[in-house]
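Following: one structure in structure tokens, then a few remarks.
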Amino acid sequence: MTQDDAPGPGPSRPGPEPLLSVRDLSMTFPGGRGRSARPVRAVDRVDFDVARGETLGLVGESGCGKSTTGRMIVRLLEPTGGSVTYDGRDISHLSQRELRPLRREIQMVFQDPHSSLNPRQTVARIISDPLLVQGSTATDARRRTTELMELVGLIPEHIDRYPHEFSGGQAQRIGIARALATSPRLIVADEPVSALDVSVQAQIVNLMDRLQRELSLAYLFIAHDLSVVKRVCDRVAVMYLGRIVEIGPKERVYTAPAHPYTRSLLSAVPLPDPVGERTRERITLLGDPPSPASPPPGCTFHPRCPKAQQLCRTEAPELRAPAPGEARQVACHFPEAA
Ligand SMILES: Nc1ncnc2c1ncn2[C@@H]1O[C@H](COP(=O)(O)OP(=O)(O)OP(=O)(O)O)[C@@H](O)[C@H]1O
Ligand code: SF4
Ligand SMILES: [Mg+2]
């Protein structure tokens, strides 16, 4: 499904109510021990929507707050600020009991398939547990488990095997089948292919793409590089140090990135054509990302930005459309002209 022509991310997006809406979403972790320990602002006033059946890619370097954002959406973490609205209902501060019916609808797929599956449980147990919790009979749950195994490309005869008997790619298929067991409408996939061999990554991405079309799923697809989400996302959000610095339709962001950070991430993606690969512009960033415990003033990207000017050192740019009618938003005082 492609929504490249759909106007705008965030609050101005018209049309039917989004399935997921996050506004001003923030998470501050308390600092550790010691006098120098400061609170960590891991996610800082993040806004975005995910429409029904849509995929929003969420990308950025290690430590920028992607997983924390995902964990707040599935409510493994309670936000310290802002809101998560699912299907019109504010779920930011629901109790565990109140969350129970929603757990069916919002599922998560994790990065490391083997460590996210209980090694002492068979596939039958792993996939059917959520069904039994919902009240299915043992016979129905086992039948549904074999159907789910087929759906994700596993051999149903392997239903009584243990996770260690599967390869990484197959184990991720088990993780996906488990997430699908409750017929969710939203899946937060946190780096679902990053731990897999490159050849297997494409198979899992293709599987997720097919499942989305067949089951009308919406995905928040988290990855640290832009090339992985390109195949699967409709829109993409780029995070840097807890904030979204660019968000918009895939075609706009990939073909005409407006934020210097997005440009640098894209310039690191290898091109399939060897001539293009030799001649393309590469933007190397200075230094490592700063700590979210002590972010730089002004635009937090300024110490690493090749375009930084005086204004950037003192004033934080707001996320906004760089030109009237633009479908994407950028947080930069001097965005690249499209
Ligand atoms: N429970 C926690 N307590 C304190 N700090 C935390 C906690 N969880 C995450 N952080 C910090 O919050 C920041 C964001 O972490 P997060 O795991 O969300 O990043 P990420 O973008 O998912 O990174 P990666 O690509 O490495 O998975 C990091 O500085 C991290 O050290
Ligand atoms: S606001 Fe300034 S420092 Fe920040 S990304 Fe834009 S040009 Fe670079
Ligand atoms: Mg992470």
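The values are calculated or read from the model by the stated rules, or taken from the named source; none is laboratory data. The shown structure was predicted, so the numbers you read here are calculated from the model rather than taken from an experiment. Note that we place each Cβ from the backbone using ideal geometry, even for glycine, and neighbour counts take in every protein chain shown.
Out of (1) farther than 30 Å from Ser294 by Cβ; (2) touching a His at 6+ places or on another chain (Cβ under 8 Å), what's the single condition that is false for Glu214?
(2)
Within the stretch 282-324, can you find the residues that are over 23 Å from the mean Cα position of the chain (by Cα), of a type in the set (S, T, N, Q) and surrounded by 11 or more Cβ atoms within 10 Å (Cβ to Cβ)?
If the condition is that a residue be over 23 Å from the mean Cα position of the chain (by Cα), of a type in the set (S, T, N, Q) and surrounded by 11 or more Cβ atoms within 10 Å (Cβ to Cβ), then Gln309 is the only one that fits.
Mind listing whichever residues of the stretch 59-80 are at pLDDT 95 or above, within 26 Å of Thr262 (Cα to Cα) and more than 10 Å from ligand 3 (Cβ to nearest atom)?
Correct list: Val59, Met72, Ile73.
Can you tell me which residue is nearest to Val84 (Cα to Cα) among those in the stretch 196-244 that are within 16 Å of ligand 3 (Cβ to nearest atom) and assigned to a helix (DSSP H, G or I)?
Val229
For the list (1) in contact (Cβ under 8 Å) with a residue 60 or more places away in the chain; (2) within 12 Å of ligand 1 (Cβ to nearest atom); (3) part of a strand (DSSP E or B), I need the number of the one condition that Thr28 fails.
(1)
Table: residues versus (1) farther than 30 Å from Leu285 by Cα; (2) free of Cβ contacts under 8 Å to residues at least 12 places away in the same chain; (3) under 17 Å from the mean Cα position of the chain (by Cα).
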{"site": "Glu61", "(1), (2), (3)": "no, no, yes"}
{"site": "Lys66", "(1), (2), (3)": "no, no, yes"}
{"site": "Gly82", "(1), (2), (3)": "yes, no, no"}
{"site": "Asp90", "(1), (2), (3)": "yes, yes, no"}
{"site": "Pro101", "(1), (2), (3)": "yes, yes, no"}
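Answer yes or no as to whether Leu226 is among the hydrophobic types (A, V, I, L, M, F, W, C), touching a helix residue (DSSP H, G or I) at 6+ places or on another chain (Cβ under 8 Å) and surrounded by fewer than 22 Cβ atoms within 10 Å (Cβ to Cβ). Working first, answer last.
Working: among the hydrophobic types (A, V, I, L, M, F, W, C): yes; touching a helix residue (DSSP H, G or I) at 6+ places or on another chain (Cβ under 8 Å): yes; surrounded by fewer than 22 Cβ atoms within 10 Å (Cβ to Cβ): no.
Judged against the criteria, Leu226 is not a match.
For a quick check of your reading of the model, give me the residue pairs whose first member lies in the stretch 270-298 and is over 30 Å from Gly65 (Cα atoms), whose second is at pLDDT below 90 and in a loop (DSSP other than H, G, I, E, B), with beta-carbon atoms closer than 7 Å and at least 6 apart or on different chains.
Glu277/Pro270; Glu277/Leu271
Name, by its number, the condition in (1) more than 28 Å from Ile73 (Cα to Cα); (2) modelled with pLDDT of 95 or more that does not hold for Ile187.
The one condition Ile187 does not meet is (1).
Just checking, how many residues over the stretch 31-50 are modelled with pLDDT of 95 or more and surrounded by fewer than 21 Cβ atoms within 10 Å (Cβ to Cβ)?
2
Please note which helices (runs of 4 or more DSSP H) are completely contained in the stretch 55-145 and include at least 1 residues that are within 16 Å of ligand 1 (Cβ to nearest atom). Break it down stepwise before answering.
On the way: elements: 66-73, 96-103, 123-133.
The helices (runs of 4 or more DSSP H) meeting that bar are 66-73.
For the list (1) under 29 Å from Leu226 (Cβ atoms); (2) polar (S, T, N, Q); (3) more than 19 Å from the chain's Cα centre (by Cα); (4) surrounded by 17 or more Cβ atoms within 10 Å (Cβ to Cβ), I need the number of the one condition that Ser199 fails.
With (1) under 29 Å from Leu226 (Cβ atoms); (2) polar (S, T, N, Q); (3) more than 19 Å from the chain's Cα centre (by Cα); (4) surrounded by 17 or more Cβ atoms within 10 Å (Cβ to Cβ) applied to Ser199, the lone miss is (4).
Out of Ala195, Ala223, Ala202, report the one residue that is in contact with a strand residue (DSSP E or B) (Cβ under 8 Å, 6 or more places away or on another chain), among the hydrophobic types (A, V, I, L, M, F, W, C) and either within 27 Å of Ile244 (Cα to Cα) or within 16 Å of ligand 1 (Cβ to nearest atom) (or both). Quick ask: steps written out before the conclusion?
On the way: Ala195 fails: in contact with a strand residue (DSSP E or B) (Cβ under 8 Å, 6 or more places away or on another chain); Ala202 fails: in contact with a strand residue (DSSP E or B) (Cβ under 8 Å, 6 or more places away or on another chain).
It is Ala223.
Looking at the stretch 263-280, is at least one residue more than 20 Å from Glu61 (Cβ to Cβ), modelled with pLDDT of 95 or more and in a loop (DSSP other than H, G, I, E, B)? Give the derivation first.
Going residue by residue through the stretch 263-280, those that are more than 20 Å from Glu61 (Cβ to Cβ) are 271-280.
Add one more test, that the residue is modelled with pLDDT of 95 or more, and what stays is none.
No, every residue in the stretch 263-280 fails to be more than 20 Å from Glu61 (Cβ to Cβ), modelled with pLDDT of 95 or more and in a loop (DSSP other than H, G, I, E, B).
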